[in-house]
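Structure record follows, encoded as structure tokens.
The values are calculated or read from the model by the stated rules, or taken from the named source; none is laboratory data. Quantities reported herein were computed from a predicted structural model and do not represent experimental measurements. Positions of Cβ are backbone-derived with ideal geometry, glycine not excepted, and every protein chain shown enters the neighbour counts. When the accessible area is computed, the model is the full protein with side chains, heavy atoms only, and any ligands, DNA or RNA have been set aside. Shrake-Rupley method; radii C 1.70, N 1.55, O 1.52, S 1.80 Å.
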Amino acid sequence: MTGDEMLAAEPARRGARLARAGAGPLAVLGLALAVSATTLLAVGVDPLAYAGTVLDRGFASTLGLQAAATRMAPLLLLAAALIVAFRAGLWNLGIDGQFLLGAVGAAALAPALAGTLPVWAMWIAGFAVAGAIGAAWALLPALLRAHQGVNEIVSSLMMTFLGLSLANALIKLVFLDPATTVPQTATLAVADRLPRLFDTTISGGLVVALAVLVAMHLAMVRTAFGLRLRTLGASPRAAHHAGLDVPRLTVVAFCLSGGLAGLAGAVTILGVHGTVQADWNPAYGLAVIPLVFLARLNGLAAVALVFAYAGVLIGSESAARRLGVPADITLVLVASLLIGLALVDHLGRRRRDDGA
Amino acid sequence: MLALDRVDLTVHPGEVHVLLGENGAGKSTLVALLSGLRAPDGGEIRIAGRPVRPASPGHARRLGIATVFQHPRLVPTLTVAENLALDGPWWRPIDRAKTAAAIGAVGARYGLALPAEARAGDLTPDQRQQVEIARALSRGSRILLLDEPAAATPDAAASLARLTGRLAADGLAVLFITHKLADARQAGDRFTVLRAGRRVDHIAPADARALDPAALEARLIAAMFGGADAAQPTGQAPRAPASPRPVLEVDGLSVSGAGRRDRIDPVTFTLGAGEILGIAGIDGNGQAPLAEAVAGQRPATGGRLRLDGVDITGLGVAGRHRRGVRCISDDRLAEGAVGAFPIALNAVLKAIGRPPWWRGGIDRPAAIRARGRALIAAYAIRAPGPDTPVDRLSGGNIQRLLLARELDSAVRVLVCHKPTHGLDVLSAADFRRRLRAAAGNGVGVLLISGDLDEVLALADRIAVLVAGRIVATVANGADARTRIGRLMAGTP
């Protein structure tokens, strides 16, 4: 098709295209809800009651909203970690290991420093150590990728398995709190944790996470560093041709991503838990991956998606307790939604490509 | 684009028909038509007088046309026998003994050494080719298409010629497609030459036998590259001799790589300010490593580079770029530019972080867009505006953008690798005009191109690159075309 023909076809098509753009996601939402409702019916639960409880507990109740906001903090930092890596075209699938080791680092350091340093210095030290540990855990896959071309998906995922085992070993062998019966690290006193915001139960970690995410977003879209990473992500060959040091950028981006994942671990410990128990692995990272893709690797769009996800998560945990439904039922809803949205995204893009 | 223009070709059983032509002459298109990869817009294919329309490679095979493609189609991790057994229907278990016996029979008949149990990946290129031919024969084909059979050595070329001769003697119709004159002359009974999609010459077996080898070769070269009768298409007289002051001195530059295409043996040349030095040669003879080694993208294994007398061997891409060594890649969308980025960002892609477009690491969007707009205006780039993604532009406009980006005030040397490849005639002419103007302003231009017409139209001197080596440097003049044609075809 020539350019002129395309222009002529433009106005007639635009209306139809807009209608399609709106209809797609709605159809997907309906389909996802139908799948979830069928699953709920199959286990003998009234879907409407369940949905009502999820919405009520996750989004309509003050306590639920505050819990969701608190839960957002680590998710936002993990989103920042993933966006840095994905924008640079690197698949850091090791963020759960980086997260957990960062958490262990913060949990080991903070109670020890709590008596000797002012709390703010203790928090900064906790974040710094957790970030450094996360970055260090990302270093090996980064170096292998940068200098040997080893596929970072596999190596970083393997590093997560090693990280989980190392975290458990550290908790049980090195940082074990002798005062408790379950193996866990020494607990940070509630008074020494990140302050709650105003009169709510929302952890101050949310402010830290939002600030880091916004800073990361601005760095990506406005700085020379961000453009270098985006160029690398768009085309390593073009980056090399343009004179960028591709191996060094690869290592920097990967370690930055790992460091942000480590901060997510710290914000969970310093803000909420105060301790890490053995065998604790919330696997937040894997949940955040589809969210950042749906947000098109845009940090600000990720905030909205992370909020919705955290609300659904909190609401369904509550609904599970109330209605006696396994909490995993939520995963059916979330998963069918994500798959559907990804499909709409893909089909839309293919239609655009065909049109171009 | 018209790739083939009403070409007539008859392949007879018992005959090796050689199809000769330069890059872009239309050989690959013809292969694609005959092997069912593409459908013709007009004309007809007849086998033994019956019209056929090969709709897919499988269909072409059933019609009796077997193609041995330029790039090996063997699975490297499977054995030779397993590779040949892949042709069977999916539900039939592989009978190794039977396949091995069949391979042995084909091998004995045509004097091929086919190791049935060797892994295809471990074979030498020549062996791989023989396996491909054996596979084609095992399908009971009547017509064998050999697309650019690679003969690495003169010996291999001779044995390939013997093999095709035996196949023809056995009653097969062989179409041997190549750009290598020596291979063609050894193997061929009948010759057809394509240039720019047209059949420009045809020599019947009786006529070919009547000619002595030198005369045959001269006639083929004249047809392939355009002889005295072919008017120089861009009709550009060589410009006044460039200033003797060298801007770039390349001394013994070498790159070692795995394959023939990835290697250059010590290459030495000098590029004067305002001079256009053409590097002619068939694609894949070291053009890519030469361009990349000069730009700093690929580490050299030896040799030195001096820019205005200063050694720049130790500098990387960015360091050389800052000193004025610029490169326009042969892959304009995948390497030269980032297709998804807007024009403005691509215009400053080689200056990320530098003022006035960045201050303290923070970008200045207005300045970047102004730069994009300035280049669009100065180089007549047809685009809605500086925010248009580059992958929406036509090849000619992308190429003008890349040229505009490199030709800033600091440029000293410009390496152009296949700069007009794939462009339409007008865009190519426009690019060449701008390149000539840049040289007129004192830029040393290294023009690496497989398009001999382009090199002849632009260059002051022409170096011929064969198998990673500069075999000769020729001043551009009346007899340059013939001399370079001979050198490129490997018959000095």
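The table that follows gives values for the structure above.
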item: B:ARG162 being surrounded by fewer than 17 Cβ atoms within 10 Å (Cβ to Cβ) and either free of Cβ contacts under 8 Å to residues at least 40 places away in the same chain or in a helix (DSSP H, G or I) (or both); result: yes
item: Failed criterion for B:ALA218 (all others in (1) under 21 Å from B:ASP479 (Cα atoms); (2) at pLDDT 85 or above hold); result: (2)
item: Filter result for A:LEU343 (out of contact with any Leu (no Cβ under 6 Å at 6 or more places or on another chain), within 23 Å of A:GLY52 (Cβ to Cβ) and touching a residue at least 24 places away in the same chain (Cβ under 8 Å)); result: no
item: Subset of the stretch B:123-158 that is charged (D, E, K, R) and at pLDDT below 80 - its residue that is most open to solvent (accessible area, probe 1.4 Å); result: B:ASP155
item: Flag for A:LEU297 being farther than 30 Å from B:GLU335 by Cβ, touching a residue at least 12 places away in the same chain (Cβ under 8 Å) and open to solvent by less than 40 Å² (accessible area, probe 1.4 Å); result: no
item: Matching residues, the stretch B:455-487, being open to solvent by less than 20 Å² (accessible area, probe 1.4 Å) and more than 22 Å from B:ALA295 (Cα to Cα); result: B:LEU456, B:ALA457, B:VAL474, B:ALA480, B:ILE484, B:GLY485
item: Residues (over 21 Å from B:GLY422 (Cβ atoms), in contact with a strand residue (DSSP E or B) (Cβ under 7 Å, 6 or more places away or on another chain), within 12 Å of another protein chain (Cβ to nearest Cβ) and open to solvent by 40 Å² or more (accessible area, probe 1.4 Å)) located in the stretch B:303-339; result: B:ARG323
item: Residue match in the stretch B:53-62 (condition: touching a residue at least 12 places away in the same chain (Cβ under 8 Å), within 30 Å of B:ALA157 (Cα to Cα), polar (S, T, N, Q) and open to solvent by 40 Å² or more (accessible area, probe 1.4 Å)); result: no
item: Every residue from the stretch B:333-368 that is touching a residue at least 12 places away in the same chain (Cβ under 8 Å), within 17 Å of B:ASP408 (Cβ to Cβ) and part of a helix (DSSP H, G or I); result: B:GLY336, B:ILE343, B:ALA344, B:LEU345, B:ASN346, B:ALA347, B:LEU349, B:LYS350, B:ILE368
item: First in the stretch B:385-396 and touching a residue at least 40 places away in the same chain (Cβ under 8 Å) and under 16 Å from B:LEU423 (Cβ atoms), second anywhere and surrounded by fewer than 16 Cβ atoms within 10 Å (Cβ to Cβ) and of a type in the set (D, E, K, R), Cβ under 9 Å, 6 or more apart; result: B:LEU393/B:ARG382; B:GLY395/B:ASP424
item: Residue in the stretch B:340-367 that is surrounded by the fewest Cβ atoms within 10 Å (Cβ to Cβ), counting only those that are at the interface with chain A (Cβ under 8 Å from one of its Cβ atoms) and under 30 Å from the mean Cα position of the chain (by Cα); result: B:ALA340
item: Qualifying residue in the stretch B:372-381 (condition: facing chain A (nearest Cβ under 10 Å), more than 22 Å from B:GLY442 (Cα to Cα), modelled with pLDDT of 95 or more and not in a loop (DSSP other than H, G, I, E, B)); result: no
item: Residue list for the stretch A:318-334, filter: surrounded by 14 or more Cβ atoms within 10 Å (Cβ to Cβ) and either without any contact (Cβ under 8 Å) to a residue 60 or more places away in the chain or not in a helix (DSSP H, G or I) (or both); result: A:ALA320, A:VAL325, A:LEU331, A:VAL334
item: Subset of the stretch B:271-286 that is crowded, with 23+ Cβ neighbours inside 10 Å and modelled with pLDDT under 90 - its residue that is farthest from B:LYS180 (Cα to Cα); result: B:GLY286
item: Residues within the stretch B:74-98 that are closer than 26 Å to B:VAL11 by Cβ and either modelled with pLDDT of 80 or more or among the small types (Gly, Ala, Ser) (or both), tallied; result: 2
item: Given (1) modelled with pLDDT of 85 or more; (2) buried (at least 19 other Cβ atoms within 10 Å of the Cβ); (3) farther than 20 Å from B:HIS179 by Cα, index of the condition B:VAL68 fails; result: (3)
item: Residue pairs meeting the criteria (Cβ under 8 Å; at least 6 apart or on separate chains; first among the β-branched types (Val, Ile, Thr), in the stretch A:92-120; second open to solvent by less than 50 Å² (accessible area, probe 1.4 Å) and part of a loop (DSSP other than H, G, I, E, B)); result: A:VAL104/A:VAL276
item: Selection count where residues are in contact with a Gly (Cβ under 7 Å, 6 or more places away or on another chain) and of a type outside the set (A, V, I, L, M, F, W, C), scope the stretch A:106-146; result: 3
item: Filter result for the condition that a residue is closer than 19 Å to A:GLY58 by Cβ and small (Gly, Ala, Ser), over A:ALA319, A:ALA301, A:ALA278; result: A:ALA319
item: Which listed residue is open to solvent by 40 Å² or more (accessible area, probe 1.4 Å) and at pLDDT 90 or above, from A:ARG57, A:ARG87; result: A:ARG87
item: Residues being within 14 Å of another protein chain (Cβ to nearest Cβ) and in contact (Cβ under 8 Å) with a residue 60 or more places away in the chain - total across the stretch B:284-302; result: 4
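One line per residue, one yes/no per condition, for (1) outside any helix (DSSP H, G or I); (2) within 28 Å of B:HIS12 (Cβ to Cβ):
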| site | (1), (2) |
| --- | --- |
| B:ALA100 | no, no |
| B:GLY104 | no, no |
| B:GLU117 | yes, no |
| B:ARG135 | no, yes |
